[in-house]
Amino acid sequence: MQIFKFSDKNSKKLLILAIFTLIFSLAYLFYGLKLEFLDFFIANRIKKLAAILLVAYAIGSATMVFQTIINNNIVTPCLLGMNALYLVIHTAIFFFLGSANILVTNIYASFACDILAMSVVASLIYGFLFRVTKYNVLYVLLAGTVMATFFTSLQKTLVRIMDPADYDMLLNSLVASFSHVNTDILGIAFVLTIIVTLIYKKDLALLDAIALGKEKAINLGIDYDKTIARLLLGVVLYITVATALVGPISFLGLIIANLAREIFKTYRHSYLVIGSALVGMVALTAGQFVVERVFVLSIPIVVFVNIVGGIYFLYLLLKNKGN
């Protein structure tokens, strides 16, 4: 990763986003605190804030990398069915193994199963899809939409014939919410995210060349297919970590990645990836603050994300229809 010199405009924008993240984080932590409950509320809010920042980093970075791989700014892992794949895998575990199985009752075993299943299945499916379509955006998006519909239908079918008691336990893990963060795996998620980031540090440096297209990247000496396969696995790991922590959030990546491109207006992914993560941190900390302080937790933040994301997606489609 390149060292930033804060004399250029994009580096200053990164600094401004970092300052806003700090401001909203402090506001979330300390607004409305009462001294008699200080320790309890701080401990509780710190865990939520840590999850918010981690999810924003994971989804923001993964979406930016994924868009570069696909070479299209309106496609995200979630739009290609990764969230639906997570739902059907999670539901299948409850359906076939039952709510008393160790993969359900043991939070660490459940997390490990999510990571392993999503990594293997998603890498095989989407890796094959990209190769077969030769990275044709239209075909990838169409096939991804079909798969998302298939996964969703399969998941709903399993839910309909599932034991009601198992379904009640399953439901909590299928609705995205920062009010019920899976804090037991928070430490493991942080460690895994750091490890994945370090492993993929060199591959991220190749994104500027990959964004030029397959032929130009190969001419620059990049082993294109292997690099894309590695990056895709990293994207899956990031999305899985974020989803396992708070549940599926469909349009978050689309919003923050495209806002980052609008803010930075550069091809350099050293700015775009970090900028996307910071935009996500600002959006989620501010959004969760409003959800808890204004709406008093009556509406989960995912509702606002999906509404804004859906409208923004239509805007991007209309904006790029002539391109």
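The values are calculated or read from the model by the stated rules, or taken from the named source; none is laboratory data. All of these numbers come straight from a predicted model, not from anything done at the bench. For neighbour counting, all protein chains shown are included, and Cβ atoms are generated from backbone atoms with ideal geometry for every residue, glycine included. Note: areas computed on protein heavy atoms with side chains; ligands, DNA, RNA excluded. Shrake-Rupley method; radii C 1.70, N 1.55, O 1.52, S 1.80 Å.
Going through region 66-78 one residue at a time, which ones are within 17 Å of residue 127 (Cα to Cα), open to solvent by 10 Å² or more (accessible area, probe 1.4 Å) and not polar (S, T, N, Q)?
78, the sole residue that qualifies.
Please go through region 24-41 and give me each residue that is surrounded by fewer than 13 Cβ atoms within 10 Å (Cβ to Cβ) and outside any loop (DSSP other than H, G, I, E, B), ordered by number.
26, 30, 35, 36, 37, 38, 39, 40
Mind telling me which of the residues 169, 162, 118 ends up being in a helix (DSSP H, G or I) and more than 22 Å from the chain's Cα centre (by Cα)?
Exactly one residue qualifies, and that residue is 169.
What are the pairs, 6+ residues apart or on separate chains, where a residue within region 262-285 that is closer than 10 Å to residue 13 by Cβ has its Cβ under 7 Å from a residue that is open to solvent by 10 Å² or more (accessible area, probe 1.4 Å) and not in a helix (DSSP H, G or I)?
Close Cβ pairs (under 7 Å, with a partner that is open to solvent by 10 Å² or more (accessible area, probe 1.4 Å) and not in a helix (DSSP H, G or I)) do not exist here.
Can residue 143 be described as more than 19 Å from the chain's Cα centre (by Cα) and crowded, with 17+ Cβ neighbours inside 10 Å?
So residue 143 fits the description; yes.
Looking at 238, 200 in this structure, which one is closer than 21 Å to residue 51 by Cβ, aromatic (Phe, Trp, Tyr) and either open to solvent by 50 Å² or more (accessible area, probe 1.4 Å) or out of contact with any strand residue (DSSP E or B) (no Cβ under 9 Å at 6 or more places or on another chain) (or both)?
238
Residues in region 72-87: is at least one within 12 Å of the chain's Cα centre (by Cα), assigned to a helix (DSSP H, G or I), of a type outside the set (Val, Ile, Thr) and under 25 Å from residue 24 (Cβ atoms)?
Looking through region 72-87, none of the residues is within 12 Å of the chain's Cα centre (by Cα), assigned to a helix (DSSP H, G or I), of a type outside the set (Val, Ile, Thr) and under 25 Å from residue 24 (Cβ atoms).
With the structure loaded, tell me whether residue 286 is closer than 28 Å to residue 188 by Cβ and surrounded by 24 or more Cβ atoms within 10 Å (Cβ to Cβ) or whether it fails that test.
no
Quick check on this structure: which one of 136, 106 is farther than 30 Å from residue 289 by Cα, surrounded by fewer than 17 Cβ atoms within 10 Å (Cβ to Cβ) and at pLDDT below 75?
Matching residue, one of 136, 106: 136.
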